[in-house]
1. List the number of the failed condition for B:Thr73; all other conditions in (1) at pLDDT 90 or above; (2) away from DNA strand D (no atom under 16 Å from the Cβ) hold.
2. Looking at B:Thr69, B:Thr81, can you tell me which residue is more than 16 Å from B:Ala114 (Cβ to Cβ), outside any helix (DSSP H, G or I), in contact with a Leu (Cβ under 8 Å, 6 or more places away or on another chain) and more than 16 Å from DNA strand C (Cβ to nearest atom)?
3. May I ask you to say which residue of B:Val177, B:Val150 is farther than 30 Å from A:Gly244 by Cβ and surrounded by 15 or more Cβ atoms within 10 Å (Cβ to Cβ)?
4. Residues to consider are B:Ser76, B:Ser127, B:Ser102; find the one that is under 25 Å from A:Leu78 (Cβ atoms), among the polar types (S, T, N, Q) and either under 16 Å from the mean Cα position of the chain (by Cα) or in a loop (DSSP other than H, G, I, E, B) (or both).
5. Residue check, B:Thr92 against (1) out of contact with any Asp or Glu (no Cβ under 8 Å at 6 or more places or on another chain); (2) within 12 Å of chain A (Cβ to nearest Cβ); (3) farther than 14 Å from B:Leu296 by Cβ, all met but one. Which one?
6. What pairs come out if I take residues in region A:100-129 that are within 13 Å of another protein chain (Cβ to nearest Cβ) and pair them with residues that are basic (Lys, Arg) whose C-beta lies under 6 Å away, six or more apart or interchain?
7. Checking the conditions here, which among B:Asp35, B:Asp25 is more than 14 Å from chain A (Cβ to nearest Cβ), assigned to a loop (DSSP other than H, G, I, E, B) and of a type in the set (D, E, K, R)?
8. Please go through region B:167-210 and give me each residue that is in contact (Cβ under 8 Å) with a residue 60 or more places away in the chain and in a helix (DSSP H, G or I), ordered by number.
Protein chains: 2
Amino acid sequence: MSVTIKDIAKSAGVSYSTVSKALRDSPLVKKPTKDLIMAVANELGYQPNIAARSLVSKKSFTIGVVWPTIEQTVLSKLITTINKELEELSYTTLISINEVKSALKIFSRYQVDAILVFDSSQSIVSSYSDVPIVMHGLANKQTPYPVIDVNRQKATYQAAQYLYKMGHRYISYIGDVEGDKLQKEKVKGFEQAILELELPTYSFQKIRVNNFEQYDGYEAAKQLLTLAKRPTAILTGSYDLARGALQAIYESNLSIPNDISIISYDNFPALEHFDIPLSTVGVPLDKISEKTIEILMKVINDEEVETKIFMEPELKITNSCTKIS
Amino acid sequence: MSVTIKDIAKSAGVSYSTVSKALRDSPLVKKPTKDLIMAVANELGYQPNIAARSLVSKKSFTIGVVWPTIEQTVLSKLITTINKELEELSYTTLISINEVKSALKIFSRYQVDAILVFDSSQSIVSSYSDVPIVMHGLANKQTPYPVIDVNRQKATYQAAQYLYKMGHRYISYIGDVEGDKLQKEKVKGFEQAILELELPTYSFQKIRVNNFEQYDGYEAAKQLLTLAKRPTAILTGSYDLARGALQAIYESNLSIPNDISIISYDNFPALEHFDIPLSTVGVPLDKISEKTIEILMKVINDEEVETKIFMEPELKITNSCTKIS
DNA sequence: TTGAAAGCGCTACCAA
DNA sequence: TTGGTAGCGCTTTCAA
C-alpha cells in the first residue's frame, strides 16, 4: 500500500484535511505547519493519488493525446514540443496509440480535461461524454470541435512565386505527386503558381517520389540534373527530400545557390545542419504548438473557439536561394 | 456531468449496486435484468469512471509505457505490437514521452498496474510507490526489476560465422562503428568472429556510417564496390542501411546473391519488400513482444521473475545469400 | 488556523 | 437474485 494523506497526518500529528490543504499550498495553513507536513510527505515518499483527486475535483490536469500513426517524424517533433509546453503549465500529457475511436473512449473514461487528436483521415470523430476535443488534421468539414490545419497549398505557392520573382524560369518540384491529400495540396500550390504566372508548363517540372526519405530526394535530383535543360531552382516537399537533393547536387559538382537555388517545404525553421542553411516554407512548428496550447486551454475553460483554424505558412529565405539574371 | 451508474439505476428502476454487478457481467444478476441495464447504459452513453473504479478496486488494468525517445522506428513497431497484445488482454496502454523520472512519477500517481520503461541509458531507475517496473534496455547492471535485452553481439557474430561457412572471405560490415553501446555490441560480434576464425583483419572490413538512413547505406556500399578487392558479402547494422546497400549494388549492375551476399541486422523477420527477400539476423520483434507481455503479467501477479532477460538472436537466411567457392 | 465530516463514482460485502 | 451500505483517497465546505 502506498502512502496516503492519512499516513502523513498521523506522522505529523495533524488532521488529514490540514494535510490536504498544506499539500495544495493553501493560504489557510500556517507556514510552520505547512513546512512540517511537506517534510513528512517528502520523507514518506508521498505521491498523490490522481484517481481520488480527480474523482472529487473533476479536474485531472491531464491532456490525452490520440496518436494512431506513431511513425511520422514531424508529428513526433510537434508532440514533443506540445508535451513540454503543457508540462510547464503543469498539465500531464498521456498518449494513446490506439485507433481514434477506442483512444477517445479510454481518455473519456480517464476523465482527462481535453483530448488532442492527430488524425489525417477526414472522418468526424464523435466524443463520448463531454470531454472537449481538439483536432490536428484537415479542416475541410464542419466539425463540432476545433480543427487546426496548416495551409500547405499557400506554402508551395509562395515559394514558387518567390523563385519566379528572383528570376527563375526553370523550377522543379520534388515530392509525392500522387500522394495523399496533404501531399496533393503542396502540388496544387505549385501548380497554381504556374497558372497565375501564365508560364509554359514545361518550365515547371514535377518529379514524383514514392517515399520521403533522403535517398528518394537524391534519386529525384540526380534525374533532374541530367536533364538537357536543368532547373535553376528546386522546391522539395520535405526536409529529407531536400537533404537528398543537396547530396545529388554536391556530387554533380554544382554549387548552391550559384548553380541551383533550393527551398524545402517544412515546419522546422532554420535547418542549420548544412554548410548553407536551407530556405524553408511552411508554418513553423513552434507556432503550431503555441496555437494548439492556446486552443486547448480555451476549450478546457469553456471559452468560445472557432472550429476551423487555418495557419498561414512563412517563407524563410537563406543563402540557399539567389537571384538570377 | 457525465452519466453514472446511479443514472442508469434510476432509469432502469434497479439499485445501483445491481447496475455495478450487471456492468461487470456478474453471474449474480439475472439475464433479463442484465440485458435491461446494458440497454439503458448503452442508450445513455455510459462510460465507467476509471478513477472511481481503480480507487476502490486497486486495479486499473492499465500499463504505463515510458518512451522518452519517440523517434526510433524499431521501438515504435515494438510498442505498437505490445499495445495491440495488451489490448487483447483487456489492458489499456498509456504512453508518456517525458523523461524517465517524471514519467514514473506520473504513472505511479495514476496507479497503473505496471510500468514498462524503454531506456537505453544505463541509469538505474528507482520506483515511486510500489508499482512494478519492467525495463527494455541494457541488462548489464544488477537491477531490482527485470530488464529485457537482446543479444546483439551474438547476432552479428552468427551472421559473420555463417557467411564464412558459406565460403565468403571478404566480408564487410556497414554500421555505426563509433556509435553508442548498442551499436558497438554489433561491431563487437563481427570482430569476435574475425578473431575466432583467425582471419587477417583486412578480409573483414568495417565501414562507418553516421546515420542509419537508406542513403547512408547507399553511400557506404558505393564506397565498398569501388574497392579493388570488393567484398563478396555485406552485413549491415540495420534494415535501412541494407536498403541503401541494395540500391548501390543494383546501380553497379551487380546481382544478389551471385555477386554479393547480404544479411541485415534487424528485428523484423521476413522483409519481403524486395525482389529478393533480405536475410536477417536478430531477435524477432514478435518474440520480444511476447516475452515483454509475459514478464509484465508476471510482475503484475507478483510472481518471481529473473532480473536479466537476455534474448537470443535468430538467423533467417533467404535467397540474398549464397555459397561461393 | 485547524479539524470534522460530507461526498465524488465505484466495488464488494452482507443482509434481505 | 437484488438492495443497502461501507469505504477507497482525496477536496471542500463548515464548524470549532
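1. All conditions pass for B:Thr73, except number (1).
2. Working: B:Thr81 fails: outside any helix (DSSP H, G or I).
Every option except B:Thr69 fails the conditions.
3. Values: B:Val177 fails: farther than 30 Å from A:Gly244 by Cβ.
None of the other options fit; the residue is B:Val150.
4. That would be B:Ser76, the only listed residue that is under 25 Å from A:Leu78 (Cβ atoms), among the polar types (S, T, N, Q) and either under 16 Å from the mean Cα position of the chain (by Cα) or in a loop (DSSP other than H, G, I, E, B) (or both).
5. (3)
6. The qualifying pairs are A:Tyr128/A:Lys105.
7. Numbers: B:Asp35 fails: assigned to a loop (DSSP other than H, G, I, E, B).
Criteria check complete, one pass: B:Asp25.
8. Answer for region B:167-210, where residues must be in contact (Cβ under 8 Å) with a residue 60 or more places away in the chain and in a helix (DSSP H, G or I): B:Lys181, B:Leu182, B:Lys186.
The values are calculated or read from the model by the stated rules, or taken from the named source; none is laboratory data. Bear in mind that the values here come from a model prediction, so they are computed numbers and not experimental data. When we count neighbours, we look across all protein chains shown, and the Cβ atoms used for this are built from the backbone with ideal geometry, even at glycine.
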